[in-house]
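The values are calculated or read from the model by the stated rules, or taken from the named source; none is laboratory data. It should be emphasised that the depicted structure is a prediction, and the values quoted were computed from it without experimental measurement. With ideal geometry, Cβ positions are generated from the backbone for all residues, glycine too; neighbour counts draw on all protein chains shown.
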């Protein structure tokens, strides 16, 4: 970005930050409109005490802000609705910082049970769990979508091998409950499979870009769709209600209706509704929509600048960028074209950027579990959206597509153990440290190749000098004898015929029947000096010893990626 562009974007961010709590919960649009149109407060009054509700969206995309604010304010003023069960498939919190997220509902007595795939960003809910005021459950995002879909079709459960042998499996783990003394169990053993279900959905709270005067909804200009259709159908099948927030009223277009008025009970118009963070729906960023402006380089630079400026996501230095290049190197050597790829949050995003800007790009189709197909998965606070996607589908569609077509997934990790198990769900002993499995169990159950990317030690200090990796000070081992929680089962993956790799700051490990094998070492590192003493698990070496990764992995320029070879100068 040019200097003036950076200054302009910084000014936009500051204006957004100063006004991000603006709202008018009594706004009613003018004109002759269907009776479904009402204020946000009136819509919130339709939620009864004890109801089971679900909100849609992910991260900063398609937030139901005006309805969430209205629900909270009604509770503060009237004490109702109370004792709600609230469900959110993907991460919908603001990390205790950003307003207008599902965290608005993290009030004692308002929500007493929270069910989600990813809870790390919902700090207010985690605080209630720590205080013993909230029952918390987690399920894989894919199975949540399928269970929601099943409710819309008159069922109440789905069978799946996803999660077998992990913390989600009641035979060896706790199942769905995270907090003790839970009042229900949402995962049951069913032979060699698991049965997943959700509580009966009473109220779907959704955000769509537009409505017409008759109450039909349109997803045009959306950054994500996620579970809107499945949630609406489930609520209606259960005799419940569908509450929608939209940015405005547009002329009817029968050929492009996304959700018919027959599936909607209340529509609150919020002129300030965002397509995504910093992007008002009424002035949406085309870079997040199919057929956008096509300028990939400008879009990528814009999103990286915003994430760095807001500092809501980690800033990557030279060592972290080298780790991402090693991940791209392993990907290019192990995957085969053409490939459908899922990208996870964190280092997966950095690997994706390397692949997207490489000659491999024409043979790759990137996807995210929100249903966004094609384009470049967006980083940081925009996770779930994509730069110039080919098309938009629902989350359930995408997870089903993965079952047949997912070639590779690139994900992060918190811990890896001697049998290849991975923990991505628990950072520490407190509920405030809990992350949740997210979509990982569903995604890895489908992918033919799983590449986990993360730092070798937590808190270690490294530097790159003369195209050599140098360990300055060790940290806490992340490759351990036994992970604190099994989110991914290594043995199950091998039995299913998957390739599994663990790419770290020191090199790349491959999972075998005998455990982890160090196949590749970063230039400059000595196994006995820099790796074994700081590794909490036993690993093997291949015959002839591990290969040394290309020196170009440690450069920020002057290299290319090639299928079957990886990075070369």
message: Residue under question is residue 120, and the condition is that it be touching a residue at least 40 places away in the same chain (Cβ under 8 Å) and either outside any loop (DSSP other than H, G, I, E, B) or in the same structural domain as residue 489 (by TED's automatic domain parsing) (or both); does it hold?
response: no
task: Starting from the range 69-83, keep only residues that are outside the structural domain of residue 45 (by TED's automatic domain parsing) and within 20 Å of residue 22 (Cβ to Cβ), then list their pairs with residues that are at pLDDT 95 or above and crowded, with 18+ Cβ neighbours inside 10 Å whose Cβ atoms are within a distance under 8 Å, requiring at least 6 positions of separation or different chains.
output: none
- line: When every residue in the range 192-202 that is outside any strand (DSSP E or B) and either in contact with a helix residue (DSSP H, G or I) (Cβ under 9 Å, 6 or more places away or on another chain) or touching a residue at least 60 places away in the same chain (Cβ under 8 Å) (or both) is compared, the one farthest from residue 116 (Cα to Cα) is 202
task: Look through 46, 25 and report the one residue that is touching a strand residue (DSSP E or B) at 6+ places or on another chain (Cβ under 7 Å) and in a loop (DSSP other than H, G, I, E, B).
output: 46
- prompt: Since residue 35 meets every condition but one in (1) closer than 30 Å to residue 233 by Cβ; (2) surrounded by 17 or more Cβ atoms within 10 Å (Cβ to Cβ), which condition does it not meet?
  reply: (2)
field: So residue 487, is it touching a residue at least 40 places away in the same chain (Cβ under 8 Å), crowded, with 22+ Cβ neighbours inside 10 Å and touching a strand residue (DSSP E or B) at 6+ places or on another chain (Cβ under 6 Å)
entry: yes
field: Single match in 558, 564, 544 (criterion: touching a residue at least 40 places away in the same chain (Cβ under 8 Å) and either surrounded by fewer than 21 Cβ atoms within 10 Å (Cβ to Cβ) or part of a strand (DSSP E or B) (or both))
entry: 564
task: State whether one or more residues within the range 81-104 are crowded, with 21+ Cβ neighbours inside 10 Å, more than 27 Å from the chain's Cα centre (by Cα) and at pLDDT 95 or above.
output: yes
task: Could you please find all residues in the range 153-191 being buried (at least 20 other Cβ atoms within 10 Å of the Cβ), outside any loop (DSSP other than H, G, I, E, B) and touching a helix residue (DSSP H, G or I) at 6+ places or on another chain (Cβ under 8 Å)?
output: 158, 160
message: Considering only residues that are surrounded by 10 or more Cβ atoms within 10 Å (Cβ to Cβ), over 30 Å from the mean Cα position of the chain (by Cα) and farther than 15 Å from residue 70 by Cα, which ones fall in the range 8-32?
response: 29
message: Considering only the range 231-245, I want to know if a residue exists there that is under 30 Å from residue 13 (Cβ atoms), touching a strand residue (DSSP E or B) at 6+ places or on another chain (Cβ under 6 Å), outside any helix (DSSP H, G or I) and in the same structural domain as residue 203 (by TED's automatic domain parsing).
response: yes
- prompt: Given the conditions (1) buried (at least 20 other Cβ atoms within 10 Å of the Cβ); (2) closer than 27 Å to residue 236 by Cβ; (3) touching a helix residue (DSSP H, G or I) at 6+ places or on another chain (Cβ under 7 Å), and given that residue 60 satisfies all but one, which numbered condition is not satisfied?
  reply: (2)
task: Scan the helices (runs of 4 or more DSSP H) fully inside the range 292-389 and keep the ones with 2 or more residues being within 25 Å of residue 510 (Cα to Cα).
output: 318-334, 347-356
message: For residue 95, only one of the following conditions fails: (1) at negative phi; (2) in a loop (DSSP other than H, G, I, E, B); (3) in contact with a helix residue (DSSP H, G or I) (Cβ under 7 Å, 6 or more places away or on another chain). What is its number?
response: (1)
